[in-house]
Amino acid sequence: MSLLDVQHIAKQYASVEGAPLEILTDASLALDAGENLAIVGPSGSGKSTLLAILGTLDNPTSGTVTLDGVDPFRLDEAALAKFRSEQIGFVFQDHHLLPQCTVLENVLVPFLADGSAGNSQIAAAESLLKRVGLSDRTLHRPAQLSGGEKQRVAIARALVREPTLLLADEPTGNLDQATAAEILKLLIKLQEERHAQGRPAIMVVVTHSEALAAGLQRRAVLQGGCLNLAKEDC
Ligand code: ADP
C-alpha cells in the first residue's frame, strides 16, 4: 500500500431541493514518500472538497483514505484531531495568519494543540523561518509583510510539525506571477530537503494554474466528480 492511498472517494451533500448533490463520484490516487501531485480541474469540480477530505476536515460519503497505514475516519474525535495536527499541514490561498501575533508566534500555532511551545518547538520554528528566508522578520507582524512573505510564513507554519502530508489549496492564487513561481520553487525545495533527510513527505496542490501544475511531478484532472491518477480523463 502507498504512503497515501485514496480509494474510490465519493462525496454527496444534502440538498434542500431534493436529490443530493453529488460532488465527487470516484476519486482515487496513491502517492509515495517524496512524490507530489497537482490536482487541476474546472472551478466547482470539487477540488477543495477532495482536499478537505484528504486533510480529514470533512468525511467522504464512501471510499477510504489511508495515510501511513492509518484510516483517519476510523479514529475517534480526539485521536483524529491529534492525527491531523501531527500528520497533515495545510497551506491555503489566504494565509490565515493571526494579525496580532508575530511571525514566530504564527509558526508556533500548530503546537498550541499540545499546550505551550517549549525550546525545541521554538528552535524548529526558527529553523523553518530561516529555510523560508525570513529569519530577520521573526518579530514582525503579518501586516508588515508582503503577500509572498506572508505565504512563506504560512508554509513554515504548515511544516513546523514535520507532517507526512502537505496540502495546498491554490497556494499562489493571490500572488503575482514571479512571486507565485518563487513560492512553488520553495514548496518543492522544502519537500525535496525533507525527503533527502529520510522524512516521509508527500505534497498535494490544488490549482487552476497550469504553470504551477507543470512544476510538480504528477498532474491529475478532477472532472465530473472523477479523478484517477492512472487516467487523466476518466
Ligand atoms: P472547486 O474547489 O473545484 O472550485 P469545491 O470543492 O469548492 O470546488 O466545490 C464543488 C461543489 O461543491 C460546488 O458546486 C459547491 O457549491 C459544492 N459544495 C461545497 N461545499 C458544500 C456544502 N457544504 N454543501 C453543499 N454544497 C457544497
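The values are calculated or read from the model by the stated rules, or taken from the named source; none is laboratory data. Quantities reported herein were computed from a predicted structural model and do not represent experimental measurements. Reconstructed Cβ throughout: ideal geometry from the backbone, glycine too, with neighbour counts over all protein chains shown.
Name the pairs whose Cβ atoms lie under 8 Å apart, with the first residue in the stretch 33-48 and in contact (Cβ under 8 Å) with a residue 60 or more places away in the chain and among the charged types (D, E, K, R), the second near the ligand (Cβ under 9 Å from one of its atoms) and assigned to a loop (DSSP other than H, G, I, E, B), and 6 or more positions between them or separate chains?
From residues that are in contact (Cβ under 8 Å) with a residue 60 or more places away in the chain and among the charged types (D, E, K, R), the pairs are LYS47/GLY41; LYS47/LEU222.
What is the number of the single condition among (1) within 14 Å of the chain's Cα centre (by Cα); (2) at pLDDT 95 or above; (3) farther than 22 Å from GLY215 by Cα that LEU50 does not meet?
Tallying (1) within 14 Å of the chain's Cα centre (by Cα); (2) at pLDDT 95 or above; (3) farther than 22 Å from GLY215 by Cα, LEU50 fails exactly one: (3).
Got a sec? Which of PRO72, PRO60 is within 16 Å of the ligand (Cβ to nearest atom), modelled with pLDDT of 95 or more and either of a type in the set (D, E, K, R) or more than 16 Å from VAL205 (Cα to Cα) (or both)?
Within the list PRO72, PRO60, the selection yields PRO60.
I'm trying to understand the selection: among the residues of the stretch 159-185, which are under 14 Å from LEU134 (Cβ atoms) and at pLDDT 95 or above?
Passing the criteria: LEU159, VAL160.
In the stretch 1-31, which residues are hydrophobic (A, V, I, L, M, F, W, C) and not in a strand (DSSP E or B)?
MET1, LEU3, VAL16 - these are the residues of the stretch 1-31 that are hydrophobic (A, V, I, L, M, F, W, C) and not in a strand (DSSP E or B).
Let me spell it out: the conditions are (1) crowded, with 24+ Cβ neighbours inside 10 Å; (2) over 18 Å from ALA38 (Cα atoms), and ALA168 meets all of them except one. Which number is the exception?
(2)
Do you know which of the residues in the stretch 37-57 that are within 15 Å of the ligand (Cβ to nearest atom) and of a type in the set (S, T, N, Q) is surrounded by the fewest Cβ atoms within 10 Å (Cβ to Cβ)?
The qualifying residue surrounded by the fewest Cβ atoms within 10 Å (Cβ to Cβ) is SER43.
Looking only at the stretch 1-19, which residues are within 12 Å of the ligand (Cβ to nearest atom), out of contact with any helix residue (DSSP H, G or I) (no Cβ under 7 Å at 6 or more places or on another chain) and under 16 Å from GLY224 (Cβ atoms)?
GLN12
Scan the stretch 57-69 and tell me whether some residue there is of a type in the set (Val, Ile, Thr) and either free of Cβ contacts under 8 Å to residues at least 40 places away in the same chain or within 13 Å of LEU167 (Cα to Cα) (or both).
So far as the stretch 57-69 goes, no, none of its residues is of a type in the set (Val, Ile, Thr) and either free of Cβ contacts under 8 Å to residues at least 40 places away in the same chain or within 13 Å of LEU167 (Cα to Cα) (or both).
Any idea which of (1) within 12 Å of the ligand (Cβ to nearest atom); (2) at pLDDT 95 or above; (3) not in a strand (DSSP E or B) is the one GLY34 doesn't satisfy?
GLY34 satisfies all of (1) within 12 Å of the ligand (Cβ to nearest atom); (2) at pLDDT 95 or above; (3) not in a strand (DSSP E or B) except (1).
If you take the residues in the stretch 175-204 that are within 21 Å of SER146 (Cβ to Cβ) and of a type in the set (Val, Ile, Thr), which one is nearest to the ligand (Cβ to nearest atom)? Give the steps one after another, and end with the answer.
In the first step, residues of the stretch 175-204 are kept if they are within 21 Å of SER146 (Cβ to Cβ); the result is 175-190.
If we keep only those that are of a type in the set (Val, Ile, Thr) too, we end up with 179, 183, 188.
On the way: THR179: 22, ILE183: 19, ILE188: 22 Å.
Only one residue fits best here, namely ILE183.
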